[in-house]
Amino acid sequence: MNLKIRKRLSIIFSNSLNNLVLPISNVLVSFLVIHFASVELWGEFVFLMIFVNLASQFLSFGNKEFLLRKFSQNPSLIPETWKTVFLTRFSLVFLIIPFLSLSGFDLNISVLVFLFVFANFIHQSFNVLVIYERKFNFSVLVEIVSLVTILGFIYFQKDQLSLEFLVLIFTILTILKALAFTIFFWERVQSKLKFSFDYQILLMCLPFFALEVSGMLQSRTDLYCVAFFLTEAEVGKYQILINFLIYFQAFANFLLVPFAKNVYRLNFESIQKITKKLSFFGILVIPIFIFTLNIVLENFYNFEFDYEIFIFGGLFVLPVYVYLPKIYFLYKTNLQNKVLLVNVLGVVLNGILNFYFIPRKGLLGALISSAISQWIMLFAYYFYENKLMRNNEITLS
């Protein structure tokens with residue numbers, strides 16, 4: 001194996017490990033909470049985390065994809081660009097407070113949630129630097145230390161687990177992670193050049209923010225609908241199931257993200273080659289993923305699902321392995337509005353199907369809805385691709 005291939009594999013492995021730590025954390029934490037307390041407590045925590053994730057998504061405001069492209073275009077201005085985007089987004093933090101007041105959380109929980117969201121804002125602001133500079137090993141180390149600490153606290157508090165305790169330890173660890181990343185990247189973001197607060201940045205980030213929000217809603221609409229229709233116990237079970245499936249989807253992204261700045265420079269023909277390889281890889285590994293998932297859910301969580309769940313689970317995962325490279329190419333050619341339209345289509349369709357299927361099929365109905373939405377999104381990407389080629393908006397080379 002030559003040096004170039006070894007280096008690529010090393011980068012892919014490091015990035016995959018970095019991205020896997022968080023899913024592994026979710027799996028282990030959910031297992032301990034359900035084992036020592038109940039699936040109902042985990043369901044309560046999932047409800048709260050829905051708010052945290054929505055708030056964090058809002059505060060990110062599309063900065064990662066926007067900055068990745070800016071960094072690739074102007075590497076010499078990385079510190080100034082990062083600081084300007086960070087400072088501008090900071091003004092959004094306090095907009096979370098009115099929504100917290102309407103959330104129905106008690107005062108202690110509300111304060112902890114605000115601190116959690118604020119610390120997460122700082123922590124996630126460094127993700128773009130981790131990806132661009134490939135500092136995956138440091139990120140993995142921080143996340144592993146955080147995970148071990150959380151698991152330790154849960155174990156020693158196993159007889160008195162509560163929602164407030166879970167929020168407290170997650171908040172404290174997120175604050176410490178934010179501090180660790182700030183110290184690590186401090187010199188990298190220092191510069192003698194001026195940076196400023198600039199609302200125009202928000203306007204430039206807006207298309208990427210819209211894409212991220214639509215993508216998040218597309219992948220989470222089913223969970224929100226399950227939370228609306230079903231019990232806390234069923235919410236807890238479905239969240240664990242769908243998270244595993246989303247992690248399997250995300251594995252495709254693990255393979256591409258380390259080379260995002262290179263993918264943005266590839267022509268259409270090269271993207272097509274990547275699409276074929278990634279699609280073939282997905283067809284090979286997804287059955288293994290699904291078989292393993294069945295074993296894990298049955299033996300570790302004591303969850304028993306019908307075989308239809310796993311069939312539709314596989315159908316839900318596969319389309320991402322086909323259309324993900326197409327998304328990167330559309331980003332590269334400033335056609336991210338097409339991605340937004342496809343995501344919106346997925347959100348609307350997923351919502352309509354969930355409202356129809358969940359009352360009739362329960363958890364299976366949510367998964368059927370999500371699988372159908374994914375395949376229609378795949379067909380939509382092919383439709384746009386063919387249309388753009390006919391109009392000569394993209395060329396093969």
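When the residues of the stretch 15-35 are filtered to those that are aliphatic (A, V, I, L, M) and within 13 Å of the chain's Cα centre (by Cα), which remaining residue is surrounded by the fewest Cβ atoms within 10 Å (Cβ to Cβ)?
Step one: of the stretch 15-35, the residues aliphatic (A, V, I, L, M) are 17, 20-22, 24, 27-29, 32-34.
Checking which are within 13 Å of the chain's Cα centre (by Cα) leaves us with 20-22.
Details: Leu20: 17, Val21: 18, Leu22: 14.
Going through the qualifying residues, I end up with Leu22.
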>> within 15 Å of Tyr238 (Cα to Cα), of a type outside the set (A, V, I, L, M) and out of contact with any helix residue (DSSP H, G or I) (no Cβ under 8 Å at 6 or more places or on another chain): is that true of Glu269 in this structure?
In response: no
> Lys83: buried (at least 17 other Cβ atoms within 10 Å of the Cβ), among the basic types (Lys, Arg), under 22 Å from Leu203 (Cα atoms) and modelled with pLDDT of 85 or more, yes or no?
Replying inline: yes
>> Taking the conditions exactly as written (in contact with a Ser or Thr (Cβ under 8 Å, 6 or more places away or on another chain), of a type outside the set (Asp, Glu) and in a helix (DSSP H, G or I)), does Phe209 satisfy them or not?
In response: yes
> Which one of the conditions (1) part of a helix (DSSP H, G or I); (2) closer than 19 Å to Asn120 by Cα does Val189 fail to meet, given that it meets all the rest?
Replying inline: (1)
>> Can you find, within the stretch 82-133, the residue that is farthest from Ser56 (Cα to Cα) among those that are of a type in the set (S, T, N, Q), touching a helix residue (DSSP H, G or I) at 6+ places or on another chain (Cβ under 7 Å) and touching a residue at least 60 places away in the same chain (Cβ under 8 Å)?
In response: Thr84
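Residues to consider are Ser38, Ser101; find the one that is surrounded by fewer than 16 Cβ atoms within 10 Å (Cβ to Cβ), among the polar types (S, T, N, Q) and modelled with pLDDT of 85 or more.
Working: Ser101 fails: modelled with pLDDT of 85 or more.
Answer to the check: Ser38.
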>> For Leu141, only one of the following conditions fails: (1) in a helix (DSSP H, G or I); (2) more than 17 Å from the chain's Cα centre (by Cα); (3) under 27 Å from Phe208 (Cα atoms). What is its number?
In response: (3)
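Kindly indicate whether any position in the stretch 331-341 is of a type in the set (Lys, Arg), buried (at least 16 other Cβ atoms within 10 Å of the Cβ) and either assigned by TED's automatic domain parsing to the domain that holds Glu269 or free of Cβ contacts under 8 Å to residues at least 12 places away in the same chain (or both).
Here is the first cut: in the stretch 331-341, the ones of a type in the set (Lys, Arg) are 332, 338.
Filter again for buried (at least 16 other Cβ atoms within 10 Å of the Cβ), leaving 332, 338.
Checking the rest, the ones that are also either assigned by TED's automatic domain parsing to the domain that holds Glu269 or free of Cβ contacts under 8 Å to residues at least 12 places away in the same chain (or both) come to 332, 338.
Within the stretch 331-341, one or more residues are of a type in the set (Lys, Arg), buried (at least 16 other Cβ atoms within 10 Å of the Cβ) and either assigned by TED's automatic domain parsing to the domain that holds Glu269 or free of Cβ contacts under 8 Å to residues at least 12 places away in the same chain (or both).
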> In the stretch 196-212, is there at least one residue being surrounded by 21 or more Cβ atoms within 10 Å (Cβ to Cβ), of a type outside the set (Val, Ile, Thr) and within 19 Å of Leu77 (Cα to Cα)?
Replying inline: yes
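The values are calculated or read from the model by the stated rules, or taken from the named source; none is laboratory data. Keep in mind that what you see is a predicted model, and the values were worked out from it rather than measured. Every residue, glycine as well, gets a Cβ built from its backbone with ideal geometry; the counts of neighbours run over all protein chains shown.
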